[in-house]
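Visitor: The structure's right below; bear with me while I get my questions together.
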Amino acid sequence: MNKKGNTSLLYNKRLVAYSFLLPNFIGFAVFTLIPVVFALALSLMNWDGANEITFAGLKNFRELISDETFRISLLNTFYYSAGTVPLTIICSLGLALLLNQPIKGRNAIRAVYFFPYVASLVAVAVVWNMILNPTMGPVNEILQKVFHIAKPPRWSASVDWAMPTVIIVSIWKNMGYYMIIYLAGLQGIPRELYEAAKVDGAGNLQCFFRITLPMLTPSTFFVSIMLTISCFKIFDLIFVMTGGGPGRATNVLVVHAYNVAFKNFNFGYSSAISLVLFIIVLCITIIQFRMEKKWVSYF
Amino acid sequence: MMKMLNLNDIKNYRISSSWKNVFKKTLIYAVLSAGSLIMILPFLWMLSASFKLEKDVFRYPFTWIPETFQWINYMKIWKKIPFLLFSFNTIKLSVIITFLQLLTSSFAAYAFAKLKFRGRNFLFLCYIGTIAIPWQVYMVPQYIMMRHLGLNDTHLSLILLQAFTPFGVFLMRQFYLSIPNELLDAARIDGLNEYQIYFKIMLPLSKPALASLTIFTFVFVWNDFMGPLIYFTSDKVKTIQLGLRMFIQQYSADYSLIMAASLVSLIPVLILFLALQRFFIEGIATTGVKG
């Protein structure tokens with residue numbers, strides 16, 4: 001009797017838990033989980049959206065090897081990430097260190113640095129394109145007339161400068177977000193550590209390298225993973241600022257996948273590209289987690 | 001050692017250290033202000049250009065304040081493309097998605113944080129795992145599914161795709177974990193069932209987290225570009241970001257109008273940001289530090 005009552009109580013408890021979970025879980029399962037599994041299958045198929053789906057085996061992946069645009073996009077994605085990740089980390093950490101000092105107007109300054117992160121990408125991309133307009137833009141006017149540089153960079157309109165331009169705008173837009181994460185990390189460092197170090201005769205630089213940086217390694221670890229993932233997913237900024245051009249100078253993986261799927265209607269091939277993207281992101285994340293023990297210290 | 005220092009030494013030390021402090025402070029302010037200027041100048045340039053005549057936008061030497069304010073630019077943009085309709089569509093999407101997101105994810109987060117059931121860890125791993133998968137990986141299957149359901153080019157497609165994101169569940173769960181279990185146990189002893197606990201205790205306590213999630217979702221939907229780009233093709237369903245891009249493509253030489261339209265698209269987010277800045281920052285700290 002008692003035992004039976006217990007099991008029905010347990011059963012009841014489980015039902016209650018599931019009832020809390022269900023509204024979200026149904027939506028999540030149908031619109032996220034199933035498509036994720038389906039993406040895996042689709043990369044092995046031929047499909048143009050109109051005709052029958054046919055099984056293609058590894059054909060899509062073999063095609064990738066000889067696809068020049070894919071190769072360029074892959075290299076561009078690495079180029080973009082290699083530029084953006086370290087520079088964003090340095091800028092946001094530097095900002096956080098400055099803002100962590102006892103200064104007036106801290107909240108206002110913090111808001112100024114953070115706002116570009118929440119600003120619409122389309123608006124931001126178009127205003128930067130105008131400011132950096134190669135012939136009429138104010139930046140090049142100043143470079144020519146004030147600094148007497150005869151041939152200023154043609155920014156997003158030139159093959160060589162397009163990617164650096166995108167990287168600069170991306171750092172400008174996103175560093176405020178990572179600055180907040182670093183600020184939270186800095187506030188978690190106990191003051192006593194610095195006081196003890198000062199008593200022992202440590203200077204500011206020593207404090208920074210022996211206390212601040214090691215204590216911030218969990219934040220840096222989190223920031224580097226988040227940044228890497230978001231760099232490999234880059235789409236909007238490039239799509240609006242350069243459209244992947246000039247030529248294929250800023251064509252990254254997601255732009256390529258988008259064009260293949262929604263312009264050429266080659267859904268299977270597009271899924272294969274996305275899957276490669278996912279595998280790269282996964283590998284980098286795994287490597288980062290493997291290396292975590294070597295440099296991240298949790299106190 | 002202490003005996004060897006006389007009063008003068010201490011004085012000198014104090015003076016030199018206070019000079020050092022002033023110098024240090026000045027340097028910090030200088031760097032931060034220069035940086036702030038870089039952050040804010042593009043927006044000021046946008047504001048200035050939006051009030052200018054077309055021919056004055058790029059005129060050199062550059063003036064920040066136009067001679068005559070072209071208020072008419074702000075009238076023209078509404079007529080050139082259906083900007084009002086686009087704004088309305090965006091507000092509708094943002095509100096509905098945010099509401100559904102808040103409701104379902106705080107509900108699910110309660111189960112993940114405070115209830116025990118079989119498969120909890122595995123399910124939560126599924127949620128977390130999909131946060132790490134780039135959306136682009138499964139955008140094509142989602143698109144095909146929506147097309148099969150006949151929901152392409154309707155608002156419902158994006159609502160269904162964006163209302164149940166694992167991010168919301170994750171954020172709410174992180175917050176719920178910080179609420180002590182003893183509080184809930186006490187309520188259980190008092191005879192409250194789980195639903196009552198959720199509505200009477202958890203929900204009122206989680207206002208800051210709900211506020212964070214609200215603004216994150218709202219701003220995400222408001223600024224989202226790729227989702228609407230893929231799903232919305234006819235003008236009557238398009239959002240403000242698509243409208244802005246349409247505007248840029250159709251009137252690519254109307255620089256001041258483009259700037260006026262851009263500014264209009266930024267204003268709601270700016271207001272929300274200035275009013276609720278605290279919750280943005282707390283939200284990031286919650287997911288960043290504990291995650």
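Visitor: Treating only the Cβ of Lys, Arg, Asp and Glu as charged (+1, +1, -1, -1), what charge dipole size does the stretch B:11-111 show about its Cα centre? Round to the nearest 20 debye.
Guide: My answer is approximately 460 debye.
Visitor: From the residues A:46, A:245, A:278, which one has its Cα farthest along the dipole of the protein assembly as shown in the positive direction, the dipole being from +1 and -1 charges on Cβ of Lys/Arg and Asp/Glu about the Cα centre?
Guide: A:278
Visitor: Ok, one more. Charges at C-beta only: +1 for Lys and Arg, -1 for Asp and Glu. How large is the resulting dipole of the protein assembly as shown about its Cα centre, in Debye rounded to 20? Before the final figure, lay out the partial values.
Guide: On the way: 50 positive and 25 negative charges, 249 e Å.
With Lys and Arg at +1 and Asp and Glu at -1, about 1200 debye.
Visitor: Using the Cα gyration tensor of the stretch A:1-141, with a ≥ b ≥ c the square roots of its eigenvalues, what is the shape: rounded (a/c below 1.5), prolate (a/b larger than b/c) or oblate (neither)?
Guide: Oblate shape, in that a/c is at least 1.5 and b/c is the bigger or equal ratio.
Visitor: From the square roots a ≥ b ≥ c of the eigenvalues of the alpha-carbon gyration tensor of the stretch B:145-285, which class results: rounded (a/c under 1.5), prolate (a/b over b/c), or oblate? Don't skip to the end; give the middle numbers.
Guide: Numbers: a/c = 4.07, a/b = 1.93, b/c = 2.10.
It comes out oblate by the Cα gyration axes.
Visitor: Then there's this: Between beta-carbons, use under 15 Å as the cut-off and find the net charge around residue B:72, counting Lys and Arg +1, Asp and Glu -1.
Guide: +1
Visitor: Oh, and also: Can you compute 3J(HN,Hα) from phi for each residue in the stretch A:138-152, using the Karplus curve 6.51 cos²θ - 1.76 cosθ + 1.60 with θ = phi - 60°, rounded to whole Hz and x for Gly and Pro?
Guide: Working through the residues one at a time gives x, 4, 6, 4, 5, 4, 6, 8, 8, 9, 6, 8, 5, 10, x Hz.
Visitor: Also, quick follow-up: Between the stretch A:254-273 and the stretch A:157-193, how far is it from one alpha carbon centroid to the other, in angstrom?
Guide: For the stretch A:254-273 versus the stretch A:157-193, the Cα centre distance is 31 Å.
Visitor: Pick out, from A:190, B:234, B:115, the residue whose Cα sits farthest towards the positive end of the charge dipole of the protein assembly as shown, with +1 on the Cβ of Lys and Arg and -1 on the Cβ of Asp and Glu.
Guide: Looking along the dipole axis, the top candidate is A:190.
Visitor: Please arrange A:19, A:170, B:106 by counting, for each residue, the other beta carbons lying within 10 Å of its beta carbon, fewest first.
Guide: Listed from fewest to most nearby Cβ atoms, that is A:19, A:170, B:106.
Visitor: Tell me which trypsin sites (Lys or Arg not before Pro) from the stretch A:78-173 have a DSSP coil assignment and no more than 12 other beta carbons within 10 Å of their own. Let's see the in-between values first.
Guide: On the way: sites: A:104, A:106, A:110, A:145, A:154, A:173; in loops: A:104, A:154.
Passing both the DSSP loop test and the Cβ count: A:104.
Visitor: Still on this model: Quick one: what are the phi-derived ³J(HN,Hα) couplings along the stretch B:238-246, Karplus 6.51/-1.76/1.60 with θ = phi - 60°, whole Hz, x for glycine and proline?
Guide: Rounded to whole hertz, the list is 5, 9, 5, 5, 5, x, 4, 5, 4.
Visitor: Can you run phi through the Karplus equation (6.51, -1.76, 1.60; θ = phi - 60°) for the stretch B:172-179 and list ³J(HN,Hα) in whole Hz, with x for Gly and Pro?
Guide: 5, 4, 4, 6, 4, 4, 7, 8
Visitor: So, one more: In a solvent-free Debye calculation with one equal scatterer on each Cα, what is log10 I(q)/I(0) for the protein assembly as shown at q = 0.13 Å⁻¹, listed in the order of the q values?
Guide: Log10 I(q)/I(0), no solvent term: -1.54.
Visitor: Select from B:140, B:127, B:223 the residue farthest towards the positive end of the dipole of the stretch B:92-250; place +1 on Cβ of Lys and Arg, -1 on Cβ of Asp and Glu, and compute about the Cα centre.
Guide: B:140
Visitor: Moving on. Between residue A:139 and residue B:190, what is the label-point separation in nm under the 7 Å Cα-to-beta-carbon projection?
Guide: Between residue B:190 and residue A:139, the label points sit 5.9 nm apart.
Visitor: Would you mind working out the magnitude of the charge dipole of chain B relative to its Cα centre, with +1 at each Lys and Arg C-beta and -1 at each Asp and Glu C-beta, to the nearest 20 Debye?
Guide: 600
Visitor: Hey, what did chain A get for relative contact order, percent, Cα under 8 Å, at least 6 apart? Don't skip to the end; give the middle numbers.
Guide: Working: 304 pairs, mean separation 84.2, N = 299.
Taking the mean separation of contacting Cα pairs over the length of chain A, I get 28 percent.
Visitor: Given H placed on each backbone N at 1.01 Å, which residues far from residue A:45 in sequence or on other chains put an amide H within less than 5 Å of it?
Guide: A:56
Values in this text are rule-based calculations from the coordinates and carry no lab data. Please read these numbers as outputs of a predicted model, since none were measured by experiment. Don't worry about glycine lacking a Cβ; one is built from the backbone with ideal geometry, like all the others, and counts go over all protein chains shown.
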